[in-house]
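Engineer: Sharing a structure, written as structure tokens. Questions coming.
The values are calculated or read from the model by the stated rules, or taken from the named source; none is laboratory data. Predicted model, so just to flag it, every value in this text is computed and none were measured. Please note: Cβ atoms are built from the backbone with ideal geometry, for glycine as well, and neighbour counts cover all protein chains shown.
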Amino acid sequence: MDMVNVIVIVKRAAAAALFFAATHAFADETKAPSIRPEIGKPVQAALDALKAKKGKDALARLHETDAVGGKTPYETYLIERVKGQAAGMAGEPAVAAAAFEAAVASSAIPAADKAPLLAAAAGQYYTAKNYAKAGDACARYFQEGGSDPAIRTLQTQALYLGGDLAKAAHELQAEVKAAEAAGKVPAEQQLQMLADIANRQKDSASAINVMEKLVTHYPKKDYWASLVYSVSTRSGLSTQLSLDVLRLKMATGTMRTVDEYVEAAQLAIQAGFPAEAKKFIDAGYDAKLMGNGAGPDIERHKRLRDTAAKGLAEDTKSLGLDDAKVAAAANGDPLMNTGLNYVLRGQADKGLPMMEQALKKGGFKRAEDAKLHLGFAQWLAGQKSKAIETLRTVKGTDGTAEIARLWVLVAQR
């Protein structure tokens with residue numbers, strides 16, 4: 001998963017917190033307790049070194065205070081605070097984090113400075129790859145009244161990288177819910193991490209739920225591919241839905257292999273829909289996946305294309321001859337299939353009424369599939385509102401309901 005944007009946010013948060021530690025080191029010096037010269041002189045020298053971006057020199061000057069005894073809480077606080085900045089600049093994040101923590105623990109720290117210094121500590125712990133302590137520092141930052149969303153990102157990323165997936169998921173879910181409650185779109189990176197956590201925990205239901213949010217708010221082809229894959233590989237998916245899965249791939253532009261185009265065409269022919277088979281084959285050729293490769297493949301694809309064309313010609317010749325017969329059938333299956341065939345041939349004005357009549361008749365072998373196919377046909381005909389209404393009635397535990405939900409997302413685009 002691409003976490004580049006998340007890492008950028010984390011680095012910015014850490015840098016901002018570190019900048020605060022530097023620029024506010026002596027912000028209230030005029031109101032602060034007095035500092036002895038043997039402390040003040042090396043600390044000031046360290047600050048001058050920091051201004052010159054010489055972190056190691058700043059640390060060296062601060063070491064001069066080690067031999068000074070009887071430090072007051074305020075003197076110790078200043079030393080640790082400047083040491084955190086110096087160590088951060090010198091590339092010693094573990095030392096910097098410990099110094100910021102010591103400054104926060106001081107009895108001399110102004111209450112308003114606790115949250116910013118905890119943010120600085122969190123950023124340095126993160127840089128040092130001590131993700132557990134980074135997450136803890138972030139939690140304490142929010143307890144102290146901090147509200148920077150970048151620190152929230154740092155926290156969840158630290159929990160995520162530290163392997164505390166349950167807590168990371170809890171924090172991320174809270175952020176997503178808060179955004180949705182406020183009428184805002186959840187951050188893409190948050191949804192990415194939630195999806196990855198669900199996959200790593202082998203929680204397919206949660207993974208599908210999060211991927212549905214991703215394709216809704218960030219309809220990228222890769223997200224659609226992941227979502228359709230998650231649904232198509234779920235436990236208990238009926239093999240009767242194979243063609244429906246491939247229809248979804250076609251609609252979302254996520255057909256990627258020649259085998260998918262070939263299988264889709266073959267299943268459409270077997271189902272009695274040669275017009276749909278031709279569409280799959282034409283798309284496979286347009287994508288330059290069919291009709292290429294070694295000789296046997298080219299011939300096999302040509303035979304499939306010829307079979308679809310022959311089937312379409314025969315279907316055209318016999319079209320309408322059995323309409324009365326299928327309308328009089330004991331159950332709705334023949335009428336539903338005939339109506340769908342009309343829609344697939346571009347005759348929705350004739351096909352949709354037949355499918356709606358079939359639904360009223362009932363008696364289907366797979367009643368939920370019938371509603372799914374009516375919703376699919378309505379979408380094909382451009383009746384998106386009706387399609388969504390129909391698809392939302394689809395139930396079932398064999399994957400039909402999940403596929404219907406994906407079609408709702410497609411129709412809502």
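Engineer: Which residues, taken from the stretch 68-115, are β-branched (Val, Ile, Thr) and closer than 18 Å to PRO42 by Cβ?
Structural biologist: Correct list: VAL68, THR72, THR76, ILE79, VAL82, VAL95.
Engineer: For THR397, indicate whether it is in contact (Cβ under 8 Å) with a residue 40 or more places away in the chain, of a type in the set (Ser, Thr, Tyr) and either under 24 Å from VAL210 (Cα atoms) or touching a Ser or Thr at 6+ places or on another chain (Cβ under 9 Å) (or both).
Structural biologist: Judged against the criteria, THR397 is a match.
Engineer: Shifting gears a bit: If a residue must be of a type in the set (A, V, I, L, M, F, W, C) and assigned to a helix (DSSP H, G or I), how many such residues does the stretch 288-330 contain?
Structural biologist: Result for the stretch 288-330: 9.
Engineer: Would you confirm, using the coordinates I've provided, whether GLN124 is under 18 Å from the mean Cα position of the chain (by Cα), buried (at least 21 other Cβ atoms within 10 Å of the Cβ) and either of a type outside the set (Lys, Arg) or farther than 19 Å from LYS83 by Cβ (or both)?
Structural biologist: No, not satisfied.
Engineer: Before we move on, is PRO274 of a type outside the set (Ser, Thr, Tyr), in the same structural domain as GLY362 (by TED's automatic domain parsing) and closer than 23 Å to GLY382 by Cα?
Structural biologist: For PRO274, the condition - of a type outside the set (Ser, Thr, Tyr), in the same structural domain as GLY362 (by TED's automatic domain parsing) and closer than 23 Å to GLY382 by Cα - is met.
Engineer: Can you list residue pairs whose Cβ atoms sit under 7 Å apart, with the first residue in the stretch 223-241 being over 22 Å from MET193 (Cβ atoms) and the second being among the basic types (Lys, Arg)? Count only pairs 6 or more apart in sequence or on different chains.
Structural biologist: GLN240/ARG366
Engineer: Applying the selection to the stretch 130-142, what residues are in contact (Cβ under 8 Å) with a residue 24 or more places away in the chain and either within 24 Å of the chain's Cα centre (by Cα) or crowded, with 24+ Cβ neighbours inside 10 Å (or both)?
Structural biologist: TYR131, ALA132, ALA134, GLY135, ALA137, TYR141
Engineer: Could you check how many residues of the stretch 361-381 are over 18 Å from ALA275 (Cα atoms) and touching a residue at least 12 places away in the same chain (Cβ under 8 Å)?
Structural biologist: Within the stretch 361-381, residues that are over 18 Å from ALA275 (Cα atoms) and touching a residue at least 12 places away in the same chain (Cβ under 8 Å) number 12.
Engineer: Which of the following residues is out of contact with any Gly (no Cβ under 7 Å at 6 or more places or on another chain), crowded, with 17+ Cβ neighbours inside 10 Å and outside the structural domain of LYS350 (by TED's automatic domain parsing): ALA264, ALA225, ALA283, ALA268?
Structural biologist: ALA225
Engineer: So, one more: Could you list all residues from the stretch 143-167 that are more than 25 Å from the chain's Cα centre (by Cα) and in a helix (DSSP H, G or I)?
Structural biologist: Within the stretch 143-167, GLN143 is the sole residue that qualifies.
Engineer: Read through the list (1) touching a residue at least 60 places away in the same chain (Cβ under 8 Å); (2) under 17 Å from the mean Cα position of the chain (by Cα); (3) not in a loop (DSSP other than H, G, I, E, B), then give the number of the only condition that ALA205 fails.
Structural biologist: For ALA205, the exception is condition (1).
Engineer: Scan the stretch 143-157 residue by residue and report those that are without any contact (Cβ under 8 Å) to a residue 60 or more places away in the chain and either out of contact with any Asp or Glu (no Cβ under 8 Å at 6 or more places or on another chain) or not basic (Lys, Arg) (or both).
Structural biologist: If the condition is that a residue be without any contact (Cβ under 8 Å) to a residue 60 or more places away in the chain and either out of contact with any Asp or Glu (no Cβ under 8 Å at 6 or more places or on another chain) or not basic (Lys, Arg) (or both), then GLN143, GLU144, GLY145, GLY146, SER147, PRO149, GLN155, THR156 are the ones that fit.
Engineer: When the stretch 361-381 is examined, which residues are found to be surrounded by fewer than 19 Cβ atoms within 10 Å (Cβ to Cβ) and touching a helix residue (DSSP H, G or I) at 6+ places or on another chain (Cβ under 8 Å)?
Structural biologist: LYS361, GLY363, PHE364, LYS365, ARG366, ALA381
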